[in-house]
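K.L.:
I have a structure here, written as structure tokens, and I will follow up with some questions on it.
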Amino acid sequence: MSRTRTALLAAMALVAGATGTAFAVDPGGAGIAAVPCTVDYKIQNQWSTGFTAAVTITNNSAAKSSWSLKWSYAGNQKVTSGWNAKLSQSGTAVTAANEAYNAQLATGGSVSFGFQGSYSGSNAIPATFTLDGVTCNVDGGPGGPTDPPDPGGPSNRVNNPYEGAKVYVNPEWSAKAAAEPGGSRVSSQPTGVWLDRIAAIDGANGTMGLRAHLDEALRQKGSGELVVQLVIYNLPGRDCAALASNGELGPTEIDRYKTEYIDPIKAILADSKYSSLRIVTTVEIDSLPNLVTNTGSRPTATPQCDVMKANGNYVKGVGYALNKLGDVPNVYNYVDAGHHGWIGWDDNFGASATLFKEAASAEGATVNDVHGFITNTANYSALKENNFTINDTVAGKSVRESKWVDWNRYTDEQSFAQAFRNQLVSIGFPSGIGMLIDTSRNGWGGTARPSGPGAQTSVDTYVDGGRYDRRIHLGNWCNQSGAGLGERPQAAPAAGIDAYVWMKPPGESDGSSKAIPNDEGKGFDRMCDPTYEGNPRNNNNMSGALPDAPVSGHWFSAQFRQLMQNAYPPLS
């Protein structure tokens, strides 16, 4: 049952049984009185002795300059830490009061906070909440007090969906990989399923649709736990800075995105048949960071990105996807967060986090609809650069001054992902969020992999001689020559990292090396042309792309063979 419908039913019940509580008259004249406030209390994750919860208050009465929400637990539940509110507890009674930065609560406005708690026995959602002494209705979502218990509901969401679970192996990708010489060494690895156009939902040109993948996932699951990885990738005006991955929807087609793309996906994911699966959604890669780095007066700006920033449809689209998909109890939303070579600079880092929070608060979404973030999706940034650090100095110059690092704060994806997670939590995302890192093509092994630091002749010889990432420039992203498979998918490999994943299926092209007509809305980007001499986004360097590449998403045999050859750790 959706949050909206639950709130309406609760409001009707309160009106019908109200005793001495004043309710405002419904301005629409429908005869249903509006409740003064609503509370959406959701248990996000739960384990044997603890849980995390997300609470959203909506104020339907006069604007407030401060607020205080109170409730009491029926069982043995204890708040241990919180964020975005001052929380205190006496016995079973809990009080959540505003912080200075979120004290204002307008009429019709909402505010969200979260906390971690402990419990023993049952962990029931509180039945009554009061905002400044006035009773609110309660929307606990599926499994809440106005809904019947849902076995796949929020109480069964785990902190890290990858822990203790297998991950879905896409049989279509697996067959292509196994058909390559030596491909059977990796063909059983889990990869993401890309829903990159409306037709992909039902299956296009004989390929499996979403239901077919979920049915196969149930078969693979057996009696254990299984994660299915989906890439939600069809925003209006998609990827405004790279023609190879342009999409089918024009910049203004936000309504089509909602009704023809997100709504049908949500309807399938919400089918109770699939409630036992852990469904990880990677939400709209290559979108929001473009609004920070490729707009306005920056030399990297494009007219297309200026349009998308002005019309707000990236923010609206991501917010709508998070809201709708976040309503499905067994869905875990991870938002794309670029990579260190995109938003690791000071003027991009904080601004990107702020923009992500804006999107996570749009179209009915809250930060509690975000389970985590993913970096390096379909990119090549090295996981760890072990031969130099950002704090090293050579010949009197910092590593940050090298041409490769170019004043970035980070040298690799893992250090960036961990730092960016901290930044996101500091501005209001739940402290339990986790990061995913796509390691499908960032191994950089083979004979070109350095065995130690470069010569200390200069900071550039030191960095260039020791770096694993052998791209010509960090801004190169298309079918990179010399790349290799990276770390194999694994759960909880480092602090704050939920998993290393292969979200981009190795062997699927980033874009065609020349213009190829297609019915998928995908254009030709010269960054995929090996003869291209670059643009401001790669500091006018050669593209480093492989020749003879097909349209993005299509099988690229030569690339897959190179990735196996240069894998690190090496394939056995």
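The values are calculated or read from the model by the stated rules, or taken from the named source; none is laboratory data. In this text the structure is predicted, and so the values were computed from the model without any measurement. All Cβ positions, glycine included, derive from the backbone under ideal geometry; neighbour counts span all protein chains shown. Ligands, DNA and RNA are stripped out before the accessible areas are found, and what is left, the full protein with its side chains, is counted by its heavy atoms. Shrake-Rupley method; radii C 1.70, N 1.55, O 1.52, S 1.80 Å.
K.L.:
Filter the range 510-521 down to the residues that are open to solvent by 20 Å² or more (accessible area, probe 1.4 Å) and either under 18 Å from Asp286 (Cα atoms) or among the basic types (Lys, Arg) (or both) and list them by number.
P.N.:
Answer for the range 510-521, where residues must be open to solvent by 20 Å² or more (accessible area, probe 1.4 Å) and either under 18 Å from Asp286 (Cα atoms) or among the basic types (Lys, Arg) (or both): Lys514, Gly521.
K.L.:
Taking Glu216, is it under 24 Å from Asp286 (Cα atoms) and open to solvent by 30 Å² or more (accessible area, probe 1.4 Å)?
P.N.:
The answer is no for Glu216.
K.L.:
Got a number for residues in the range 8-42 being open to solvent by 10 Å² or more (accessible area, probe 1.4 Å) and either at pLDDT 80 or above or among the basic types (Lys, Arg) (or both)?
P.N.:
Matching residues across the range 8-42 total 4.
K.L.:
Here is a follow-up. Search the range 219-239 for residues being among the basic types (Lys, Arg) and in contact (Cβ under 8 Å) with a residue 24 or more places away in the chain, and hand back the single one that is least open to solvent (accessible area, probe 1.4 Å).
P.N.:
Restricting attention to the range 219-239, the residues satisfying the condition of being among the basic types (Lys, Arg) are 219, 221, 238.
From what's left, in contact (Cβ under 8 Å) with a residue 24 or more places away in the chain: 221, 238.
Values: Lys221: 26, Arg238: 8 Å².
Among those residues, the one meeting the criterion is Arg238.
K.L.:
Just a yes or no: is a residue in the range 270-278 closer than 18 Å to Glu363 by Cα and aliphatic (A, V, I, L, M)?
P.N.:
no
Conditions tested, residue by residue: (1) aromatic (Phe, Trp, Tyr); (2) in contact with a Lys or Arg (Cβ under 8 Å, 6 or more places away or on another chain).
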{"residue": "Arg219", "(1), (2)": "no, no"}
{"residue": "Gly222", "(1), (2)": "no, no"}
{"residue": "Val227", "(1), (2)": "no, yes"}
{"residue": "Arg256", "(1), (2)": "no, no"}
{"residue": "Tyr261", "(1), (2)": "yes, no"}
{"residue": "Ser272", "(1), (2)": "no, no"}
{"residue": "Ser276", "(1), (2)": "no, yes"}
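K.L.:
Could you check, for the range 373-381, whether at least one of its residues is within 30 Å of Gly109 (Cα to Cα), in contact with a strand residue (DSSP E or B) (Cβ under 6 Å, 6 or more places away or on another chain) and open to solvent by less than 30 Å² (accessible area, probe 1.4 Å)?
P.N.:
For the range 373-381, residues within 30 Å of Gly109 (Cα to Cα), in contact with a strand residue (DSSP E or B) (Cβ under 6 Å, 6 or more places away or on another chain) and open to solvent by less than 30 Å² (accessible area, probe 1.4 Å): present.
Yes or no, residue by residue, for (1) in contact with a Leu (Cβ under 7 Å, 6 or more places away or on another chain); (2) assigned to a loop (DSSP other than H, G, I, E, B):
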position: Gly475; (1), (2): no, yes
position: Ala492; (1), (2): no, no
position: Asp510; (1), (2): no, yes
position: Ala515; (1), (2): no, yes
position: Asp519; (1), (2): no, yes
position: Phe524; (1), (2): yes, yes
position: Gly553; (1), (2): no, yes
position: Arg561; (1), (2): no, no
position: Pro570; (1), (2): no, yes
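K.L.:
Looking at Ala242, is it open to solvent by less than 20 Å² (accessible area, probe 1.4 Å) and among the small types (Gly, Ala, Ser)?
P.N.:
yes
K.L.:
Among all residue pairs at least 6 apart or on different chains, which show Cβ distances below 7 Å where the first residue, located in the range 120-136, is on the phi > 0 side of the Ramachandran plot and the second is open to solvent by less than 60 Å² (accessible area, probe 1.4 Å) and part of a loop (DSSP other than H, G, I, E, B)?
P.N.:
What qualifies is Gly121/Gly75; Asp132/Trp67.
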